[in-house]
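Let me begin by presenting the structure, written as structure tokens, before commenting on it.
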Amino acid sequence: MAPVDIPDRDRLIVALDLPDLRVAEAMVDRLGDSVGFYKIGYQLAYAGGLPLARALVGAGKKVFVDLKLHDIGNTVARGVESLSHLGASFLTVHAYPQTMKAAVEARGSSKVKILAVTVLTSYDDRDLADAGYRFGVRDLVEARARQAQAIGVDGLVCSPEEAAHLRSIVGPEMDLVTPGIRPAGAAAGDQKRIMTPAKAIAAGASYLVVGRPVLDAPDPKAAADAIVAEIAAARGS
Ligand SMILES: O=c1ccn([C@@H]2O[C@H](COP(=O)(O)O)[C@@H](O)[C@H]2O)c(=O)[nH]1
């Protein structure tokens, strides 16, 4: 079933795109009870931040390990096996069939959900053409979503712009995890396919991933609270 019983607060995933453990821990302390779900990506993981995943889980938070694995199947499988011991809820791989199959098989009985990154939210049709793809964003996202579902992947990372269309294709079961979230007036930065929190939820997103609009806010806790309030309003909670 779709994750209908998720508290509004836990639909916000704050990306801890920060330089080291000390800074990340300080941000987690600052956000306090306002945030229940954190993402650890390249910057923090490569700066020794993966142990924070265990600590956060131990403290009752949920964790998304966003390493976007993509390699030969054997290497992806071994990576998933290692990462599955962290206690994270989500782990990303790129949406290539070999990669997704290896990850789903290697996950085994571990509770970590495998998410497939469809098309990065910083890409538009022109970026895909520059990279040699013959599909535009909408068609490539759809094709990858269908493959992911057939392989048994648990969820998709997509832009909220594709959420409504994907929901109609994959049904209620798969988690739709959407970066590219920008509260009204926030700078897009390098993101090209963006939506506000309220519109993303209305479009069918299960979770919203937010980095800079929270981390760079003068008051990150207030920024997180405002996003959760928008999520609650959009869901009629
Ligand atoms: O397609 C994707 C996949 C992952 N991300 C990650 O989400 C956050 C977004 O951060 P912002 O500062 O809110 O832009 C970041 O960690 C990305 O690595 C994505 O943006 N798009």
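FYI, it's all coordinate maths here, none of it is from the lab. Just so you know, these numbers come straight off a predicted model, no measurement behind them. Cβ placement follows ideal geometry from the backbone for every residue including glycine, while neighbour counts extend to all protein chains displayed.
Descriptive notes on the structure:
- If you go through region 95-116 and pick out every residue that is within 13 Å of the chain's Cα centre (by Cα) and surrounded by 24 or more Cβ atoms within 10 Å (Cβ to Cβ), you end up with 3.
- When restricted to residues that are more than 16 Å from the ligand (Cβ to nearest atom) and of a type in the set (Asp, Glu), region 155-175 contains 1.
- In region 111-133, residue nearest to ARG144 (Cα to Cα) [restricted to those that are away from the ligand (no atom under 13 Å from the Cβ) and charged (D, E, K, R)]: ASP125
- The criterion of at least 2 residues that are among the β-branched types (Val, Ile, Thr) and either in contact with a Leu (Cβ under 9 Å, 6 or more places away or on another chain) or more than 22 Å from GLN43 (Cβ to Cβ) (or both) is met, among strands (runs of 3 or more DSSP E) falling completely within region 142-218, by 175-178, 207-210.
- Of all residues in region 24-51, those that are within 15 Å of the ligand (Cβ to nearest atom) and part of a helix (DSSP H, G or I) total 10.
- Selection of region 187-205 for residues being of a type outside the set (S, T, N, Q) and either near the ligand (Cβ under 9 Å from one of its atoms) or surrounded by 20 or more Cβ atoms within 10 Å (Cβ to Cβ) (or both) yields ALA188, GLY189, ASP190, ARG193, ILE194, MET195, PRO197, ALA200, ILE201, ALA203, ALA205.
- Residues located in region 209-223, provided they are more than 9 Å from the ligand (Cβ to nearest atom) and in contact with a helix residue (DSSP H, G or I) (Cβ under 6 Å, 6 or more places away or on another chain): ALA217, PRO220, LYS221, ALA223
- Among residues of region 65-94 being of a type in the set (S, T, N, Q) and crowded, with 19+ Cβ neighbours inside 10 Å, the one that is farthest from the ligand (Cβ to nearest atom) is SER84.
- Test: residue in region 140-154 that is buried (at least 23 other Cβ atoms within 10 Å of the Cβ), within 15 Å of the ligand (Cβ to nearest atom) and charged (D, E, K, R): yes
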